[in-house]
Every structure is written in structure tokens, then in C-alpha cells.
Amino acid sequence: MPETLFALDADNYRDCQNMFRGPGRSEYYEGDFWIDETMPVEVCARKRTSGSCTIIETRAATRQFFRRTQRHIRTNASDLSVLWFVRKGGLKYSNRQGRLTVAPGGFLLTRSMSPFFIELEPQAGEGLDVLHMTVPTHVLRGFLRGEVEDCAALDAECRAVASAGSILAQVFEEGDALGEDAMQLLTETACRLIGLALDEEARARPPRRTLSEQRLDDVLRFIEIHLSDPNLCMAMVGEGCALSPRYLSLLLQGTGQTFSELVWSKRLEMAKEWLGRSDPRAVAISEVAYGVGFKSTAHFSRKFKQVFGLNPRDYREREGAGRSARAGASHKPPRLAVGAMLQ
């Protein structure tokens with residue numbers, strides 16, 4: 001039958017930090033573990049091993065907290081993944097990327113190689129009931145098509161989660177009758193189900209943007225905002241986006257243009273659109289030139305003709321004539337049918 005990993009009550013809870021990994025500190029990994037002392041102290045964790053995995057059932061009336069930091073990772077670099085199945089109560093998880101809450105029926109995958117914080121929350125009148133399994137990450141990796149993430153959640157509607165949880169609950173409760181070979185086969189089946197569900201969820205997610213892509217978006221947004229500033233330069237962008245000149249140059253290589261080419265092309269496209277839709281009597285060409293960041297109308301005219309083959313005035317006249325022709329065609333009175341004309 002399952003053996004007790006640790007049990008906390010009003011007499012021993014102050015020693016929970018030394019107890020949560022069990023005798024010989026062989027389970028889980030290093031971290032800070034504590035409980036909410038304002039609540040009745042009642043925590044019981046039982047375990048059953050299956051090969052290199054350990055299935056642990058935690059039942060409690062007490063809120064529990066666990067924190068793993070970079071200091072713990074440096075002193076204890078065991079790469080373990082934990083598959084959490086919440087049956088009663090809730091689980092709150094947070095790391096540098098954000099936070100999430102797992103409700104009854106939900107699933108969470110955590111990994112020990114990046115800092116995180118977990119809170120196990122009993123449900124009012126129901127308590128806490130969580131089944132979880134520690135798996136060496138290199139073992140779990142064999143059941144996934146992709147890499148094992150630091151954190152991944154699946155909701156209660158996922159049938160694979162429910163099936164995997166039921167299988168592990170059976171192994172936990174009936175392991176003695178099943179035997180070691182059957183336990184290991186069922187444990188692997190549960191891991192495979194979770195792997196399939198995680199792979200399907202990953203395919204449904206939009207592709208994750210890299211840090212470089214996010215930084216490039218920040219740069220392009222800064223340029224767009226300050227495009228009309230004639231003093232816009234790489235130093236200004238680097239300072240505004242907190243990037244070194246070298247890294248900024250590397251990012252801009254992804255656009256296929258130098259900084260100057262990018263800025264001038266954006267300014268000229270903006271000017272072309274403005275000239276094409278504005279009234280010459282209301283907006284002078286010089287206003288367009290200065291409005292998109294050029295320091296002189298002569299420079300603007302040279303650049304514009306170099307790219308579009310017409311100077312700004314001729315381009316505006318051509319677009320104006322086209323607009324007039326289109327407007328005239330749209331207001332042309334309909335022709336009467338021959339029969340109607342004879343009547």
C-alpha cells in the first residue's frame with residue numbers, strides 16, 4: 001500500500017521544511033516549503049514509486065506554499081518534471097512569465113530547472129486533494145514531440161487529462177495487486193496521454209515569438225512613432241529601446257534594410273499616401289516634406305523622384321486627375337434604354 005511521505009499536525013508543522021522531501025530527502029527537489037499557520041494544521045502526503053517515477057497524493061485542510069529559486073537550482077540541479085492533477089481545491093502557479101490558477105479537474109506540468117512559486121489552496125468545506133507524479137525530465141521527454149516546457153496547463157475538459165489521472169489513481173491505490181510491470185506500463189500510458197494532449201495544445205497555440213522578434217517589434221514601433229522627427233537616428237532609437245548600437249544593427253538585419261533605408265522608405269511611403277489624398281489648396285508640398293521628417297523640400301523632392309519616378313508636384317497632379325475622373329464616372333447619369341427614349 002502507499003507509504004507516508006510526510007504528515008503535518010499542530011505539533012510538528014514548524015519542522016515542515018525538513019519533512020516535505022521524506023526520510024533521506026529523496027523526493028522532490030530543494031526549495032522553501034511552508035504552510036499557513038492561521039489555518040488548522042492537517043496535511044498528509046502519501047507516495048508510491050513506479051520505476052523512476054513517484055506518485056504522490058496530498059490531502060490537506062491547510063494552505064501550503066512552495067518556492068524554488070535560482071539559489072536552490074544552483075545547489076540542487078535535479079531536472080524533475082511534476083504532473084499535477086487537481087481533484088479538490090486549487091493550485092496557483094507563478095513564474096517570471098506570469099501566473100495561472102488550476103481548478104478541480106485541471107492539470108499542470110511544472111519543471112524544476114527554472115524559478116517558480118506554487119500555492120496549494122484547500123476548498124472551503126472540501127479541503128485539498130491533489131495527485132501528482134514526479135518524473136525525470138529526460139524520461140518525460142520521450143513521450144513528447146517537442147521540448148518539455150517550464151510550465152504547461154490543460155483544462156478540465158481535456159479527456160486525456162481525465163484518463164491519465166484515473167490511470168495514475170489506480171496505480172496509486174492498487175499497485176500492490178497490479179505488480180511492478182503492470183504499474184510501469186500504466187504509468188507510461190499516463191505519460192503518453194499527457195504527452196499527446198500537450199502536443200495538441202502546443203499545435204493549437206500561435207507560434208511563440210522569440211526575444212529578438214519582440215525587440216525588433218519594439219524598435220519598429222519606436223521608429224513609427226518618431227518618424228516625423230527629423231532628428232531620428234540610431235542613437236535615439238537605441239536609447240529609447242534600451243539597446244546597444246551593435247545589437248540594434250543585428251536586429252535591423254532581419255528587415256533586409258539598413259537603418260537609413262528603413263526610415264527613408266517609411267517616410268516616402270507616408271508622403272506618397274499623404275500627397276495622393278490631400279487637397280493642394282489645403283496642404284502644401286513643403287508641409288508634407290516637413291511632416292514626414294525631411295529637413296528640406298529639395299531633399300524630399302530628390303528622394304521622392306528617385307523612388308517613384310515623379311517629383312511630388314507631378315505625382316500629386318496625376319493622382320488628383322485620377323480622382324476627378326473616377327468621381328466624374330461615379331456621378332455620370334444613367335443612360336436610358338432605347339425603348340424609353342422613343343416613348
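None of the figures in this text is laboratory data; all of them are computed from the coordinates on show. What you are looking at is a predicted structure, and each value in this text was computed from that prediction instead of being measured. Here the Cβ is made from the backbone with ideal geometry for all residues, glycine too, and neighbour counts use every protein chain on show.
How much length, in nm to one decimal, is gained on full extension between R99 and H138, taken as 0.36 nm per residue of separation minus their Cα-Cα distance?
So the extension gain works out to 11.5 nm.
Please identify the helices of the chain, taking whole runs of DSSP H, that span at least 24 Å along their own axis as judged from the Cα atoms and have a mean Kyte-Doolittle score of -1.0 or higher.
Qualifying helices, which must be both long enough and hydrophobic enough, are 159-178, 180-204, 259-277.
Between D32 and F65, what length comes free when the chain is fully extended (0.36 nm per residue of separation minus the Cα-Cα distance, one decimal in nm)?
Working it through step by step, the gained length comes to 11.1 nm.
Determine the calculated [θ] at 222 nm for the chain from helices alone, applying -39500 (n - 2.57) to every DSSP H run no shorter than 4 residues and normalising by the residue count; nearest 500 deg cm²/dmol.
Result for the chain, helices only: -13500 deg cm²/dmol.
Under the rule that an exposed site lies in a DSSP loop and has at most 13 other Cβ atoms within 10 Å, name the longest stretch of the chain with no GluC sites (Glu not before Pro) of that kind, not counting the sites themselves.
Counting at most 13 other Cβ atoms within 10 Å as exposed, the longest clean stretch of the chain is 158-343.
Report, please, the projected area of the stretch 3-204 averaged over directions, based on the convex hull of its C-alpha atoms, in nm².
11.2
To the nearest 20 debye, what is the magnitude of the charge dipole of the stretch 3-204 about its Cα centre, counting +1 on the Cβ of each Lys and Arg and -1 on the Cβ of each Asp and Glu?
640
Starting from the Cα of K92, draw a straight line to each of the lysines and keep only those under 23 Å, dropping any in the same chain fewer than 8 residues away.
Partners found: K47.
Report the label-to-label distance for A7 and Q257 in nanometres (one decimal), using points 7 Å from each Cα along the Cα→Cβ vector.
Between A7 and Q257, the simple spin-label model gives 7.1 nm.
Rounded to the nearest 20 debye, what is the charge dipole size of the chain about its Cα centre when +1 sits on each Lys and Arg Cβ and -1 on each Asp and Glu Cβ?
2680
What number, in nm² with one decimal, is the all-direction average of the projected area of the convex hull of the alpha-carbon atoms of the chain?
Value for the chain: 33.1 nm².
Any lysines with Cα under 22 Å of the K303 Cα? List them, leaving off those in the same chain fewer than 8 positions away.
Within the straight-line limit of under 22 Å, K303 reaches these lysines: K266, K272, K295.
Going through the stretch 203-270, which trypsin sites (Lys or Arg not before Pro) have at most 11 other Cβ atoms within 10 Å and a DSSP loop state?
Of the trypsin sites (Lys or Arg not before Pro), the ones in loops of the stretch 203-270 whose Cβ has at most 11 other Cβ atoms within 10 Å are R208, R209.
Where in the stretch 104-187 are there trypsin sites (Lys or Arg not before Pro) that are in a DSSP coil and have at most 16 other Cβ atoms within 10 angstrom of their Cβ?
Within the stretch 104-187, the qualifying trypsin sites (Lys or Arg not before Pro) (loop, at most 16 other Cβ atoms within 10 Å) are R145.
First select every other residue whose beta carbon is under 14 angstrom from the beta carbon of G240; then total the charges, Lys and Arg +1, Asp and Glu -1.
Here the count lands on -3.
Suppose every K and R has +1 on its Cβ and every D and E has -1 on its Cβ; what is the size of the dipole of the stretch 217-316 about the Cα centre, in Debye to the nearest 20?
Dipole of the stretch 217-316, to the nearest 20 debye: 440 debye.
So what's Rg/Rh here for the stretch 211-326, counting alpha carbon atoms and using the Kirkwood radius for Rh?
With Rg and the Kirkwood Rh in hand, the quotient comes to 1.05.
How large is ³J(HN,Hα) for each residue in the stretch 16-26, as worked out from phi by the Karplus curve 6.51 cos²θ - 1.76 cosθ + 1.60 (θ = phi - 60°), to whole Hz, x for Gly and Pro?
With the stated coefficients, the stretch 16-26 comes to 4, 4, 8, 9, 5, 8, x, x, x, 6, 9 Hz.
Check which residues have an amide H placed less than 5 Å from F6's amide H, if you skip close sequence neighbours.
The list, which skips near neighbours in sequence, is A45.
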